[in-house]
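Report on the following structure.
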Amino acid sequence: MASINRHMSGFLSVIFLLVTFSLAESRLYEDFKTFEQHVYDKKTRCEIHKLDKVSWSESGEKGYAMNCSDLRLNNTPKSYPPLNKTRPHLSPPLRLLNLSHNTFKTIKNNSFVNVRNMNSSDVMWLYLNFCNISFIDSNAFVNLSSLINLNLTGNNLVNLNSFGPGVFKPLISLGNINFYGNNFTTFEGLGTELKFLKNLSGLFIDLCENCTFGEGFETLTNLKNLSLSSFTDNSCNSPFIYNDTFENVSMIERLNVGNCNVRKIEPGAFSPLKNLMHLDISYNEDLEFDGMNTALFGLQYSTTLKILNVKRIHSLYGLGVMLTKDNMENLKTLLVLEELYMDMNKIEIFQESVLYPENTFPKSLSFFALSGNRLSISNYTLRLKNVTSVKILDISRQHLDYDPFLFEHVGHRNALPAVHDSHNLDQTFHCNCSAIGVICLPNNITSIKWRKSFLWLEIEKMHNNLPFMLICGATSLVQLDLSFNLITRWNGHILGLDNLNDLDLSENLCGEADPDFFKSFPKLRILNISGNSLGNAFTEQKASLLFQNLSKLNVLDMSCNKLKVVPDKMFEDISNITHLYVSGNLLTQWNSSLEKHRCLQMLDLADNKISRLEKETLTYLDSLTNESCYTNITVNLTNNPLDCACPNLYLLKWIRKSNIFVRVNSDCSINAQKYAIRNRTELDAIIDLLENDVCKVIDKPWITWMTSVVSVVCTGIITISACFLVHKHRWKLRYLYYSRHRRHVVEGYDRIFQYDAFVSYAQVRSGFLKRVVVPMLEETHGLVTWVYDKNSLPGISTAENITHAINNSKKCVLLVNREFLADSWCEYETNMALVESIIARRDMIIVVMMEPIPMLELPNYLQRLLLSVRSLEYPEHGQDENTFWMNLADEINT
């Protein structure tokens, strides 16, 4: 018995030791995992940022953001970097957590529980987009009780089986959830999971084919914003929207079904939406206006719908469209419609009956956008006055090849009586809307935007003192934007705009302006004439008369007008100016008197050639600080070659001591050495150098000075001559040097090139080139490209690499943007391509404008280039990109 007890005791001891060892091993394993996780978290390199302005406001003006995106994480971290004392501008708690662009695949239970350096209940924004997530466990979101925005865009959540039961239950504060780009195959049962989100106001999800919102959605009584628009091309594909699609979401106020390839919407589809205030069915190119009319049947006589967006519901590449009375049958019944967007629909003309008083647009319509169409002159212009409710009209980007207000038969103008008083239209003129030269507008219209429409117009003085144009019904018109057109001469009268407050004539390539033209706008407060060529028009003789009728003017923009001199009396009659912009001109000095302008707030002289300001100007500016209207005064001297010589020391001291805020970002030279003026410290250093060193130097004997001057002059003449010759032929010399061993001459046969295209781009856009340009040209269109980041040969200089590549490429494609203009290597590549095209006698350069840049902002070599070579414009809208790449590939292959 004792033996058995001893054996049993030994056995129990072994068991105890095994259990103890197992527990110790388990604890060691857990400690190792904790250590491993800690090391893993250290490698995540999460970054702390401040919140954007909107998030900062919504979070009660406290908190910070944690960015852990694109770190190849496989699991959500259990530890984040602490908010240390090196960031005094940030304060807890953690409000925004960005975990996007990782590879979680599954969001596991308790992913946000017991996380180091983060209180999960404080997080208000959580980004889990593009994380390859295919399943979310039931308790994944535990502790996220304050979350108001959840972004699950671009994952693999396809149906109800992608979620554990009750997964959204902890998100008691959630207001918006984004499911875009998940390719849901059905909404069946989704409502039963979302029903826990009592505060849900916004749902963003791609509309799938034959998908309807089931009964579970009825409980989401706070759901106001439902967006079913496509996140990426073809991710939203629902050719038909049926009568029962929205039966259970009758509470929504904003519905977006744009860019979903919709071809037909059944007449009763929108009938349940009794609270709908904003409807967007744009970018469904197969819907057309007939389909729009059918879709609006369910909203007839709606007392809630205020905004309707039907942009681009016709094919951009189809035939021109006529808007008919039948297209408007249901639209005109909308009782409270205020904003209507019909942009980019290829509308060329309105059927006359559309603008009859009984068939016109809703009486409540106040904003009407028709930009990007093809409107042409017709009888409908005579009936525009019937749309009496419209206050704001946008008809920009009408790509006409003529101006509808320019009439060939000017001899018919004798039907108008002679002008005696331009301010007494009722007595002097008869507003016959069918007469040539007379335009009738709706009486309530306040703003017209007609920019970027290639309007070609020369406003001339007519014989017998007749006006060039009479505009009737414009008594309420206060804003007119005609920028980026071709209104090249401003010499005559446009009468009827006496109440205009804001006129934008910028970027019209105008070279002539007569004082009589500005007499037409006596109540003007804002005038923008920048981006023209009025340098020679503002002469000393015209200066005192130019703005004499604009006594109420507050803002005047004359930037980029090639002004070499601003006459002294130019601004004499516009003493109420508060903002004066004269930047980007050729001014070498500022002599214009502003003594009468006592409320000036901004004087912009940037990007000129001004080296100094006179003491009288500085005294005037200082005196403004004593005026009752004084707030803040800014003088912009950025990018002017300020003189740092001793005679100009007073200006530098004034900049430092004055109460006027002076922007200075320039370079200056002292004793042939350049000094930068970027901030207060650099300015103080220059002033101290001048005061304590340069300006105290005692003159040397005149003989030494004379000898030095003669030597310098002679040396300078020789150097300048040599430099001039080298500079004149610099690009050809560089080309010959770098291509000396590599140039091939092939006689008798067409040249065989190693590459189809050499691509020149700004280095900061290398990511765009890698993601978009190279795949489109090489993979989609089968071209062979030379790109520096992937084709340059090691051990060879950059210049030789470039020259060799251009020499062996069929075409050279220049991707021009503002970064391109600032990149010296891009300039080098452009000039090497020019030399190659001249020497080889081949047309090889293709210019691609990646963004709109005014011609005056382009360097001279690029302006000349655009006049002689082929150029393309990168499209503003993603839908046009395929056509662009096809056109570019064709240009390369030609």
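Each reported figure results from applying straightforward, stated rules to the coordinates on display, with no laboratory input. Worth saying up front: this structure is predicted, and the values here are computed from it rather than measured. Positions of Cβ are backbone-derived with ideal geometry, glycine not excepted, and every protein chain shown enters the neighbour counts.
Results, tabulated for the structure shown:
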read-out	value
Cβ-derived FRET efficiency at R0 22 Å, residue 658 paired with residue 688, nearest 0.05	0.75
Spin-label zone in the range 174-191 - amide nitrogen under 11 Å from a point set 7 Å from the Cα of residue 160 along the C-beta vector	187-191
The range 39-104: GluC sites (Glu not before Pro) in DSSP loop, at most 16 other beta carbons within 10 Å	61
Neighbour-count ranking [beta-carbon atoms within 10 angstrom, fewest first] of 788, 283	788, 283
Ranking of 758, 168, 454 by count of other Cβ atoms within 10 Å, fewest first	454, 168, 758
Cα-projected label distance for residue 872 with residue 491, points at 7 Å along beta-carbon direction, nm	4.2 nm
Contour minus Cα-Cα distance for residue 458 and residue 443 (0.36 nm per residue)	2.7 nm
For the range 745-893: rounded, prolate or oblate by the Cα gyration tensor [a/c cutoff 1.5]	rounded
Extended-chain gain in nm, criterion 0.36 nm per residue less alpha-carbon gap, residue 188 and residue 476	98.3 nm
Cβ-placed point charges (K, R +1; D, E -1), dipole of the range 42-174 about Cα centre in debye, nearest 20	500 debye
